[in-house]
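In what follows, a single structure is set out as structure tokens and then discussed.
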Amino acid sequence: MKSKVSRLDRFISKNSDYLLSEVRLLIAQKRILLDGKEAQSVQQKVTEFTHVVLDGRCLRDNTPVYIMLNKPPGVVSATKDLKHPTVLDLIDHPKKTELHIVGRLDFNTTGLVLLTNNGAWSRKVSLPETKLEKTYQVTLSKPLSEQYIDAFEKGIYFAYEGMTTQPARLTILSEYTATLSLVEGKYHQVKRMFGFFQNQVMELHRVSVGSIELGELNLGDYRLLAKDEVELWP
Ligand code: URA
């Protein structure tokens, strides 16, 4: 595989009007910053994640971006769709085209959607072994009963996948509403779990993923994740 690491002098000559032989002088004149620090030598390594600035102009900026969005109903959890608006259409960010979705929601499901350009981060948080808890507010078509709590704790058998769902925590809020916390993300998982009781999900809203909470963010709005929200991931 081709290395993505280059020497500083080669990187500068490739990405500016300066010649390889001029880079030593640029360094001596303290005109190059690598990750915010003055460059020291032509041999310094520039990786795909190095932030490189020459005379105040950014030559490479691969800073990862992490965004949370409150998805409205009728919006597709995809980066492109021919018929409907997508979650990306709601975002105005210079790195928008680099973003991908971490854990999709159904067309009419609302709530917390995470987007990033950091594939390593999204892979890690989506791994089944990470067992990250996702919490949903659910409104049902028929009354709930205590029976559901026990059944979801034991797990529901999904014939299509030939597996039983991992223990899930149901808190009944009223006759027709509850919160459900899951550590998996199987296809239509919440709807299928309530489907076991022939109880149709009328409204589904994701309120948190791990320690990241949607909070007061309005439907259709988004914000960047704070540093501690990103770092709290396993
Ligand atoms: N479970 C579902 O059934 N739908 C979603 O959008 C998310 C979880």
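The values are calculated or read from the model by the stated rules, or taken from the named source; none is laboratory data. Values in this document were obtained by computation on a predicted structure and should not be read as measured data. We place every Cβ from the backbone using ideal geometry, glycine too, and count neighbours over all the protein chains shown. Keep in mind that these areas ignore ligands, DNA and RNA; they rest on the heavy atoms of the full protein, side chains included. Shrake-Rupley method; radii C 1.70, N 1.55, O 1.52, S 1.80 Å.
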*Name the residues in the range 178-214 that are at pLDDT 95 or above and small (Gly, Ala, Ser), would you?*
Ala178, Ser181, Gly195, Ser208
*Has the range 153-168 got at least one residue that is under 22 Å from Val75 (Cα atoms) and in contact with an Asp or Glu (Cβ under 9 Å, 6 or more places away or on another chain)?*
no
*Pairs under 8 Å by beta carbon, first residue free of Cβ contacts under 8 Å to residues at least 24 places away in the same chain and of a type in the set (Ser, Thr, Tyr) in the range 7-29, partner open to solvent by 40 Å² or more (accessible area, probe 1.4 Å) and assigned to a helix (DSSP H, G or I), six or more apart or different chains?*
Ser13/Leu20; Ser13/Glu22
*asked:* So Glu229 ticks every box in (1) within 13 Å of the ligand (Cβ to nearest atom); (2) in a helix (DSSP H, G or I) but one. Which box is left unticked?
replied: (1)
*How about the range 201-222: which of its residues are away from the ligand (no atom under 15 Å from the Cβ), surrounded by 13 or more Cβ atoms within 10 Å (Cβ to Cβ) and either over 15 Å from Pro72 (Cα atoms) or basic (Lys, Arg) (or both)?*
Gly210, Ile212, Glu213
*Go through the range 68-82 and give me each residue that's away from the ligand (no atom under 15 Å from the Cβ) and out of contact with any strand residue (DSSP E or B) (no Cβ under 8 Å at 6 or more places or on another chain).*
Asp81, Leu82
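Quick one: is Ser16 in contact with a Leu (Cβ under 9 Å, 6 or more places away or on another chain) and open to solvent by 40 Å² or more (accessible area, probe 1.4 Å)?
For Ser16, the condition - in contact with a Leu (Cβ under 9 Å, 6 or more places away or on another chain) and open to solvent by 40 Å² or more (accessible area, probe 1.4 Å) - is not met.
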*Any residue in the range 48-58 that is surrounded by fewer than 17 Cβ atoms within 10 Å (Cβ to Cβ) and among the polar types (S, T, N, Q)?*
no
*Can you name the residue in the range 164-200 that is near the ligand (Cβ under 9 Å from one of its atoms) and either of a type in the set (Ser, Thr, Tyr) or part of a loop (DSSP other than H, G, I, E, B) (or both) and is also surrounded by the fewest Cβ atoms within 10 Å (Cβ to Cβ) among such residues?*
Tyr187
*Pairs, first β-branched (Val, Ile, Thr) in the range 189-207, second away from the ligand (no atom under 12 Å from the Cβ), C-beta under 9 Å, six or more apart*: Val201/Thr139; Val201/Leu140; Val201/Ser141; Val207/Thr179; Val207/Glu213; Val207/Leu214; Val207/Gly215
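Here's the yes/no breakdown for (1) surrounded by fewer than 17 Cβ atoms within 10 Å (Cβ to Cβ); (2) touching a residue at least 40 places away in the same chain (Cβ under 8 Å); (3) within 15 Å of the ligand (Cβ to nearest atom); (4) more than 27 Å from Glu216 (Cα to Cα):
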| site | (1), (2), (3), (4) |
| --- | --- |
| Tyr66 | no, yes, no, no |
| Pro94 | yes, no, no, no |
| Arg104 | yes, no, yes, no |
| Val113 | no, yes, yes, no |
| Ser126 | yes, yes, yes, no |
| Thr130 | yes, yes, no, no |
| Leu140 | no, yes, yes, no |
| Asp150 | yes, no, no, yes |
| Gly162 | yes, no, no, yes |
*Leading residue by the ranking (farthest from the chain's Cα centre (by Cα)) among those in the range 144-163 that are farther than 27 Å from Lys71 by Cα and assigned to a loop (DSSP other than H, G, I, E, B)*: Ser145
